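Presented below is the structure to which this report refers.
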Amino acid sequence: MRTETENKSTALGSTLLKSVSKPGRYAGGEYGQTLKDKTAVKARFAFAFPDSYEIGMSNLGMRILYGALNREDDIWCERVFTPWEDMQDKMRAHDLPLCALESGDPIGEFDFLGFTLQYEMCYTNVLNMLALSHIPLRAEARGENDPIVIGGGPCAYNPEPVAPFFDLFNIGEGEEMLPEIVRLYIKMKDEGRYTRADFLHEAAATISGVYVPSLYEVTYNEDGTVKAYTPLYDDIPKTVQKRIVKDLDKAYFPDEVVMPYIETVQDRITVEVGRGCIRGCRFCQAGMVYRPVREKTPAVIDCQARALFDRTGYEEMSLSSLSISDYTRVDELTDMLLSWTNDHMVSLSLPSLRADSFTRELMEKVSSIRNSTITFAPEAGSQRLRDVINKNLYEEDLMRAVNVAFEAGKNQVKLYFMQGHPTETDEDLAEIPALAHRVVSAYYQNPNRGKGGRPPQVTISVSPFIPKPFTPFQWEAQDSLEEMRRKQAYVGECVTDRKVKYNHHDAETCRIEAVLARGDRRLADALELGCREGFKFDAWSEYFNYEKWMSVFERTGIDPAFYANRAWGLDEVLPWDIIDCGVTKAFLKRERAKAYEAATTPNCREGCSGCGANKLGGERACCPKTK
Amino acid sequence: MLSKDKMSYPKLTEPRTVRVKFRKVGNLQYISHLDLQRTISRVLVRAGIPMWYTQGFNPHAKIVFGLPLSVGAESECEYLDLRIDRDMSCEEIKQRLNSVLTDELCVLDAYVAPKTVFADIVWAEYDIRIRAEGLTEALADEMQTYLTTSPLMMDKKSKSGIRQVDITTLTRSLRATVVDGELRIAAVLCVSGADYLNPEYLIRALRERFGIMPEDDVVSEYSILRTRVYLADGETEFN
Ligand code: SF4
């Protein structure tokens, strides 16, 4: 009668699980999860997403890496997320360690703990999860039996603020590198020559894309800037070159999908069409660090989309790419997909559309843009400033796009902007609401606008500029907090039409993000103190507390303005100079100089600007081949 | 492979309602009714069940769920009705569904729905087990007496607010014993509309009166398993 469900070894008693909010976050047991016999595998890997289950389970990269590791018979990769505050409190009160979802085993027992670092504001959750796992925060304090702690993901392009907490970083795309790292570990164990130190050294010396921060000594100048990075051994790279997957058609594609039972942020099929972006917006880190642009062929994407549909049953599908309309064969691909998605009631969505490629044909094809809101990101209000940031977008394009949308019956437009770009003046800022006002007028002037008589609504959403590593604007100063707030108020005053809704991003969070984005290893002290004082979920406004951040900076001798509000010298050694992401510093400097002249750079397909990323190779890339 | 060729099955002249009896145990007890509904709609797609879709602007598959089951309770007798528009056998539907489900959420039976409706279900039998310190036969007797002696007034939440209810009037039978140091309560409780008695009330009553299993206790454990559902007479099993 009663089926005794196999009891996980978890210490989380059922009574406890019944007393927390959304217990489904901690239950595991999803369809598609990978279970293995732990006594039969040689390495156990805990893949950690330092945010809630609902956020983490929506991440495509995690799904790929989970599958890429589990496809190896002797490696078992499991998942772990940051427990919500109520659960953390109970775990601390009862001294229960953080456990993996699949086996329910404590994370501290694993061979590896890998964090994906998707945004800087998750750093406090990383430390928090280490603490909950009873793993020493600092790599130097870990013993032979502690897991090897690995970091990867976009923030690993400047890993320095969290470098002391990690044994090893993956720089670049992980689906090949991560299994290689674990294989090396297994090999050294099999050969009986494993020690933590030897393993880290050998990984740094032999696996491309591996950065072991403890093997580099950092010195500083008297003014606080970085003086030099010195490798401790001759056989490890002086700079660590980013790893890429050369042929995306052949890249590992997961044939199992873990299906969350509870609602996640993105409950849909996500198919990757390519990596990288041809555009080169000067503030955008993703646009630089994912170069060179590589595409998958439509037939491969279609085949993967069908497989995902069969395995998930999701009735919504989204194509993932930094700028989907730049995909060279977008028409061919959408036709291919629509040939079966309609019959199976699957709706297709294309996020990240550019206004200059928004056409009636595309809109009619793709259902997600059938709802009443259309979103574009002009990023700056004036043409001059859009040229400074190399957005390569003209107001005519935007107006044409919104008119197409109005004629199709839409009445809501959402526009994303940034404030605080280099050279910005109040006139540029005033153009943000002015542009929104012109969109409202365009609605009323369009005789063919959709019937229904609902008034138009234009939402402008403005977030402060954050200087990011490996962008032409990496040297720029962020506005002071006062200036950010003044600009926010100013934009608000310029909004005179009630049909324009104005949102702005929290300035205080953006300032901390700027500090962390350009931070060096000295910030680790502040993060560690923050962890001890209970910082968590700093990406969530209800948990973020600016005063507390200021307080830990002050007590650890960190001047946030040194990192956020200083214009960095072009000849300065940057904390992230230890990483080579493909794009050269010379190119970034050229782009910066052009920005100050408001001169634009053609996109990669119009012409190569010699950014340097082509040295990494790549199939179906638009770069010239290097010899 | 796509949707496992449901299109090749002959079209029915009238949509057919298939009743599915399923299990929801283990980790799945933490999944809410709403999340279960979402899950099932995806399960039907990946199993390639030829669902009948409502006509109109926003077509959707027709699925009717039986009794809700509280988060934290397990069940061996959940029901849902689905409507198909192609001639696929109930046995195949069961097999297809189970090929895309786990043991903790799986189909026990599938058959052409009889005339009964879910509102006919009035009573449910539960097997409640409590593992805690100091459970004895004498204590079990005391607990049984306590839970079955009218009036046992408790604050009961409902849509219209909180009201005081004598929970013994919503209990058809209840027996408590100790087996291997584990307290077992076999109870038949009302599941009908506003009189739905969540078995957690029994746990709460015992917690308040006998001080066992303090909330967020990590040593003791309890489980609630729904085993059978009955019509109004309390004897005829629903099917
Ligand atoms: S090498 Fe040329 S084409 Fe390739 S990403 Fe760089 S600028 Fe673009």
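Mean per-residue shielding of peptide B:71-84 is 1, counting Cβ atoms of other chains within 10 Å of each Cβ. Element breakdown for chain A at a 1.4 angstrom probe: carbon and sulfur atoms account for 49% of the accessible area.
Using heavy atoms of the protein chains and a probe of 1.4 Å, the accessible area assigned to A:R454 is about 120 Å².
Quick one: divide the alpha-carbon radius of gyration of region B:121-230 by 2.2 N^0.38 Å and tell me what you get.
Region B:121-230 yields a ratio of 1.04.
Computed over the alpha-carbon pairs of chain A, the distance histogram in 20 Å steps reads 18, 53, 27, 2 percent, short to long.
Interface B-A: total buried accessible area of about 3700 Å², 1.4 Å probe, protein heavy atoms only. Quick one: P(r) of region B:6-114 from all Cα-Cα pairs, 10 Å bins, percents rounded to integers, in order of increasing distance. The distribution over region B:6-114 is 15, 49, 29, 7, 0, given as percents. The phi torsions of region A:276-289, fed into the Karplus equation with coefficients 6.51, -1.76 and 1.60 and a -60° offset, translate into couplings of x, 9, 7, 7, x, 4, 7, 9, 9, 6, 4, x, 9, 6 Hz, rounded to whole numbers, with Gly and Pro shown as x.
Considering only B:V218, A:H94, A:A599, the residue lying farthest towards the positive end of the dipole of the protein assembly as shown is A:A599, judged by Cα position with unit charges set on Cβ. Which lysines does A:K36 reach when only Cα atoms under 21 Å apart count, and residues fewer than 8 places away in its own chain are ignored? Once the sequence-local lysines are set aside, what remains near A:K36 is A:K8, A:K187, A:K189. Taken as Cα centroids, region A:499-521 and region A:306-365 sit 32 Å apart, rounded to the nearest whole angstrom. The alpha carbon centroids of region B:169-231 and region A:574-608 are separated by 67 Å.
In region B:6-114, carbon and sulfur make up what percent of the accessible area (probe 1.4 Å)? Spell out each step's value before the answer.
Numbers: 2290 of 4380 Å².
Roughly 52 percent, rounded to a whole number.
Report the charge-dipole magnitude of chain A in Debye, nearest 20, computed about the Cα centre from +1 at each Lys and Arg Cβ and -1 at each Asp and Glu Cβ. The dipole magnitude comes to about 1220 debye.
Of all DSSP bridge pairs formed entirely within the protein assembly as shown, close to 60 percent run antiparallel. Can you list the aspartates and glutamates whose alpha carbon sits under 12 Å from that of A:K238, skipping same-chain ones fewer than 8 residues off? Hits, sequence-local ones excluded: A:E217, A:D577, A:D580. Surface exposure of region A:414-515, expressed per residue as accessible area with a 1.4 Å probe, stands at 40 Å². Rolling a 1.4 angstrom probe over region B:121-230 with all protein chains present gives an accessible area of which 49% lies on carbon and sulfur atoms. Rolling a 1.4 Å probe over the protein heavy atoms leaves A:H437 with an accessible area of roughly 40 Å². Within the full protein context, the accessible area of A:S349 is estimated at about 10 Å² for a probe radius of 1.4 Å.
Note on region B:6-114: Lys pairs 8 or more places apart or on different chains, Cα atoms under 20 Å apart, count 8. Comparing A:G151, A:A46, A:A27 along the charge dipole axis of region A:4-241, the residue lying farthest to the positive side is A:A27, per the Cβ-charge model.
Accessible surface for chain B, divided over its residues, is 46 Å² per residue with a 1.4 Å probe. For region A:369-436 versus region A:237-257, the inter-centroid distance based on Cα atoms is 35 Å.
The values are calculated or read from the model by the stated rules, or taken from the named source; none is laboratory data. Computed from a predicted structure; not experimentally measured. Neighbour counts are summed over all protein chains in view; Cβ atoms, including those assigned to glycine, are modelled from backbone coordinates with ideal geometry. Just the protein is used for accessible areas: all its heavy atoms, side chains included, with ligands, DNA and RNA removed. Shrake-Rupley method; radii C 1.70, N 1.55, O 1.52, S 1.80 Å.
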